[in-house]
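Comments concern the structure below.
The values are calculated or read from the model by the stated rules, or taken from the named source; none is laboratory data. No experiment lies behind these values; they were computed from the predicted model shown. Cβ: placed from backbone, ideal geometry, glycine included. Neighbour counts: every protein chain shown. The area values use the complete protein model at the heavy-atom level, side chains included, leaving out ligands, DNA and RNA. Shrake-Rupley method; radii C 1.70, N 1.55, O 1.52, S 1.80 Å.
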Amino acid sequence: MRTASRVLKSAHSARQLPASLTPRSSLRPFRSLSGLAHSSRPSIRPCTTPIALTLPRQLLSTTSPLRNESKPKEELKDEPKQEEIELEYEIDEDLSERKWSTPLAKTIAEAIEVTGPIPLASYMRMCLTADLGGYYTGALPASEANPERDPFGAAGDFVTSPEISQVFGELCGVWFVAEWMAQGRPATGVELMELGPGRGTLMDDMLRTMQRFPGIAKALERVYLVEASPQLRQAQKRLLCGDEAVLEGCEVGWKSRSKYGGVEIVWTESIRAVPMDPSKTPFIIAHEFFDALPIHAFQLVSVPASSDAKPSPIITSVSSPTPSPPQNPNLQWRELLVSPTPPGSTHASLNTPLSERSSPVPDFQLTLSPSPTKHSLYLPDSTPRYRRLKSLPPQQALNATIEICPDLFSHTTNIAHRIGGHPTLNPKPHPSGAALILDYGPGDGSIPTSTLRGIRRHRRVSPFSEPGLVDLSADVDFQAIVDTALDASEGVEVHGPVEQAFFLRAMGIAERAGEIVKKVEAMGDQKKKGDVERAWQRLVDRGPGGMGRVYKALAIVPEAGGRRRPVGFGGDVVV
Ligand code: SAH
């Protein structure tokens with residue numbers, strides 16, 4: 001149950017920015033963008049807020065070697081569009097006769113033949129992380145241009161912020177240094193954890209930066225990388241530990257020694273496998289990880305009063321004691337399920353958005369379940385925020401569609417327990433550590449709706465064609481992270497989400513990038529100078545083609561009664 005102080009924290013976190021900075025974005029279908037560098041400037045001025053912010057000299061006077069900048073990824077210009085929904089589904093075709101676009105599509109169709117249409121979350125999970133043919137777990141065909149089957153970069157499907165500019169990772173590293181300082185500079189027990197590290201570029205830039213702060217470098221005991229992809233684990237090992245280093249098996253996964261002071265790096269496939277130790281100070285980063293977690297989709301439909309399908313009788317342990325407003329008894333949540341498209345379908349017959357017609361005709365489509373499913377009975381009833389939708393005026397509520405990500409709840413709960421403690425799972429005498437979550441999604445507390453997107457070779461494609469070859473992602477429900485973290489642990493408070501532009505500018509991106517530009521200029525490399533400038537500006541650009549507004553940053557930090565704001569979220573560095 002929330003105490004008065006927790007309500008205060010919640011209000012603080014939700015309202016720390018002036019209204020003019022609170023995004024009410026129309027979100028665009030990026031997969032990911034950004035890059036960072038490290039800190040070194042004499043002072044940082046707030047760019048878009050009246051809050052004065054100054055970083056101390058130690059954080060400002062460090063320099064780090066230049067990294068080769070990647071070019072910003074191609075823009076993805078098409079707006080997400082809701083898939084066609086049909087009220088009935090049938091699976092009566094002979095599946096063995098049909099040509100599927102990938103082997104994984106056939107596997108999924110065979111599963112559906114046995115079980116009936118499957119939740120979107122099951123479809124997404126198979127597409128992204130199935131042992132055989134999942135996007136991150138081995139589906140990408142090797143080619144001459146892309147022998148490593150790497151989803152990132154020009155030869156892959158998308159580019160992320162850390163790949164665009166070294167400044168992104170450097171500033172994230174500085175953010176954790178600032179948190180470490182604010183939390184009394186613990187001399188031992190610091191652990192770094194990254195969820196979904198991609199090529200390892202972000203962690204590399206962070207570790208290189210943190211090496212320049214001997215206190216935290218000494219206190220750093222271990223780095224945990226939570227990674228589902230065996231190929232990406234190898235890429236991370238090569239970058240962080242060198243070609244020669246080997247991945248040895250260990251109790252929770254694999255380990256090796258980093259090139260940064262020999263600190264141990266441990267890989268696991270799940271955050272649950274990372275030991276939870278109340279004596280440790282965990283610093284956790286997740287960039288473009290939550291958007292890859294599987295979502296369920298639901299729609300509110302009107303059912304006749306006499307319908308056999310009764311409203312949910314299920315009472316869940318996560319139900320809040322807050323009384324819900326009266327609900328319209330004729331409205332029920334129904335789950336959107338994945339089923340094969342009818343044989344002989346065309347883009348026209350399926351009404352595929354024009355922007356997605358470059359991909360093969362989708363193998364699958366979303367259909368509305370004609371009756372409640374176990375997820376439709378439970379998930380949309382699990383928090384007051386979702387329950388409120390049913391009490392909207394019927395004309396507003398009817399056909400409302402929402403996306404819910406159960407894995408977001410479990411990951412956020414785990415993170416909050418690590419930082420803030422939990423009476424039995426992680427009894428911590430003092431909350432410590434911090435989490436920085438960067439991703440795209442609404443910053444105004446709204447619940448994502450119809451945001452599933454497919455990306456292949458830097459273009460929007462149908463999320464239902466070529467399963468396993470297409471990257472799938474969905475907007476992150478930041479408000480759900482806020483609510484879940486505060487509910488999970490009395491020992492945390494949450495700041496943000498703030499726009500990426502706000503965060504990076506407050507962290508001093510302009511000053512740091514300016515230093516790099518000067519160095520490049522001194523080397524007489526005009527082309528590189530232009531690349532560096534375009535890269536960092538892309539990260540903070542709040543216009544339609546930029547990442548500054550669409551991407552958000554959110555911090556989970558130890559409970560301090562809302563008295564200390566983290567740097568980058570309106571706070572000053574505590575020296
Ligand atoms: N953070 C990186 C990569 C983002 S792509 C960057 O910004 O460049 C998503 C990453 O999460 C990949 O490394 C992918 O393999 C990993 N991933 C996706 N789903 C996962 C899951 N369920 N468990 C663990 N890792 C996952």
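Remarks
- Cα gyration tensor shape for the range 452-539, rounded if a/c is under 1.5, else prolate or oblate: oblate
- Under 12 Å, Cβ to Cβ, from Leu104 - net charge with Lys/Arg +1 and Asp/Glu -1: -2
- Estimated dipole of the range 325-450 in Debye, rounded to 20 [Cβ of Lys and Arg +1, of Asp and Glu -1, Cα centre]: 400 debye
- Net charge of neighbours whose Cβ lies under 11 Å from the Cβ of Ile295, counting Lys and Arg as +1 and Asp and Glu as -1: -4
- Accessible surface, the range 521-575, averaged per residue in Å² (probe 1.4 Å): 42 Å²
- Taking amide H atoms as placed 1.01 Å from N in the peptide plane, the amide H of Ala434 lies under 5 Å from those of Phe283, Ile284, each 5 or more residues away in sequence or on another chain.
- Put simply, the amide H of Val574, placed in the peptide plane, has neighbours under 5 Å in Ala182, leaving out anything fewer than 5 places away on its chain.
- Rounded accessible area per residue of the range 440-509, 1.4 Å, Å²: 18 Å²
- Residue-by-residue Karplus 3J(HN,Hα) for the range 276-290, coefficients 6.51, -1.76, 1.60, Hz, glycine and proline x: 9, 10, x, 7, 8, 10, x, 10, 10, 10, 9, 10, 6, 9, 4
- Of all accessible heavy-atom area on the range 198-248, the percent that carbon and sulfur account for (1.4 Å): 48 percent
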